[in-house]
Amino acid sequence: MHLATPGRRDAPVPPDDAGVSFVMPVLNEERYLRRAVASTLAQEVPGPVELVLAMGPSTDASGAIAREIAAADPRVVLVENPAADIPVGLNRAIRASRFPTIVRVDAHSELLPGYTRRALATLARTRAANVGGVMRADGRSPFQRAVARAYNSPVGLGGGAYHGGTEEGPAESAYLGVFRRAVLEEVGGFDESIRRGEDWELNLRIRQAGYRVWFDPALSVVYWPRESWPRLVRQFRATGAWRGELVRRYGRRNSVRFFAPPVLVIAAAVSLVVGALQVAGVVRAPAAGAVHAPVAAYAALVGAVALGPGGGRGWRDKAWTAAVLPSMHLPWGTGFLWALLRGARDTVDTSRLEGRNTPLP
């Protein structure tokens, strides 16, 4: 979502060769870590670079892989993140880093060639404090590819700029982000009390401080979504809960699009109750059928997306797409309503591990 007016303050522009620090939180990413690190270290930028990995308490081979990488490449630095929370890990990595530009990278993503060089040029040109681009989700299995199609669809994640926007300009938030360290230090870094949505909240404070957050559609990052249905549902319930918490804290500063999933959940609940009463013969008025219209319209929308070119090629792809969309929207909306009433409290995303707290995005 682009803003009407840009920030009034210019972020500092360090010399081109002043160096770049990449920061990456890691937890149970043995399948993705090597490729994420390789795509990061392959970035061609003027000046020195370093990659700081904030290591959560992984139960897979992530720790051994990271130590092997660090032993072979002095540009890679490891810091501990025993709490496993993303904002804690990011802040620890940033404090351990040295250079004036900070590039956030996730272990579940891959930077495309030229990403950092382009981001540095955009930062210098716009004098923004943070710049981000497009999240291009991809998948390896039929289910993961269906989730990726949903991510890349305006219907799937609500049409935020970094899910397929094409117009460059000032933005509400940014995917991952390439930051000026001076501004991060000025606004106090990531809020460690927020376990999801920490990027949106940080960008809100950056904008409140008068700086620009910038969206550049020429920047692109490959993102690998969750690989199974239960993990996807747990991820989106936690994400919705923390958006509900952010609405409690910041109210109307949140975009209207964030309210669509909870409205859907309420509409579905009303439709179920009225439908049951109709079947039982308690409700007979023909007008009562109107309460089913929102759910019917949503089902038609999901069907249109699944059957259209964005739903995949064969009927199996399209069926997966039709199943994935409500599996994202309904848990998100349920989590949102629960947290709006009670607060997110200790809600975490357990989709990276069975039975353990793991708040990676």
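Results, tabulated for the structure shown:
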| read-out | value |
| --- | --- |
| Options 334, 179, 108, ranked by Cα towards positive dipole end of the chain, top entry (Cβ charges) | 334 |
| At most 14 other Cβ within 10 Å, DSSP loop - trypsin sites (Lys or Arg not before Pro), the stretch 98-205 | 98, 140 |
| Which of 59, 247, 147, positive extreme of dipole for the chain (C-beta unit charges) | 247 |
| Rg(Cα) / (2.2 N^0.38 Å) computed for the stretch 223-354, rounded to two decimals | 1.20 |
| Value of [θ]222 nm, deg cm²/dmol, for the chain, DSSP H segments ≥ 4, -39500 (n - 2.57) each, nearest 500 | -14000 deg cm²/dmol |
| Cα-Cα pairs of the stretch 1-150 separated by more than 18 Å (percent) | 61 percent |
| Accessible area in the full protein assembly, largest first, 1.4 Å probe, for 106, 10 | 10, 106 |
| Cβ-based charge dipole, the chain, positive-most Cα from 256, 211, 91 | 256 |
| Nearest-ten-degree value, helix 115-126 long axis tilted from longest Cα axis of the chain | 90 degrees |
| At q = 0.06, 0.08 Å⁻¹, base-10 log of I(q)/I(0) for the chain (Debye sum, equal scatterers on each alpha carbon) | -0.23, -0.41 |
| Probe 1.4 Å - accessible area at residue 292, Å² to nearest ten | 50 Å² |
| Net dipole in debye of the chain [+1 Lys, Arg Cβ; -1 Asp, Glu Cβ; about Cα centre; nearest 20] | 840 debye |
| Residue of 333, 251, 189 that the Gaussian network model of the chain assigns the largest fluctuation, springs spanning Cα pairs under 10 Å | 251 |
| Highest-MSF residue in the chain out of 326, 113, 309 [GNM, Cα springs under 10 Å] | 309 |
| Tilt relative to the chain, helix 62-72 - C-alpha long axis, 0 to 90 degrees, to 10 | 20 degrees |
| GNM top mover of 289, 132, 244 - the chain, alpha-carbon springs below 10 Å | 289 |
| Charged-residue dipole, Cβ positions (Lys, Arg, Asp, Glu), the stretch 133-264 about Cα centre, Debye nearest 20 | 500 debye |
| Of all DSSP beta bridges in the chain, antiparallel share, percent nearest 5 | 35 percent |
| Size of charge dipole - the stretch 203-361 - debye, nearest 20, with Cβ of Lys, Arg +1 and Asp, Glu -1, no other charges | 440 debye |
| Estimated inter-spin distance, residue 282 and residue 307, nm [label 7 Å along Cα→Cβ] | 3.5 nm |
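The values are calculated or read from the model by the stated rules, or taken from the named source; none is laboratory data. On a predicted model such as this, the values are computed, not experimentally measured, just so you know. All Cβ positions, glycine included, derive from the backbone under ideal geometry; neighbour counts span all protein chains shown. Remember, those area values only see protein heavy atoms, side chains included, never the ligands or the DNA or RNA. Shrake-Rupley method; radii C 1.70, N 1.55, O 1.52, S 1.80 Å.
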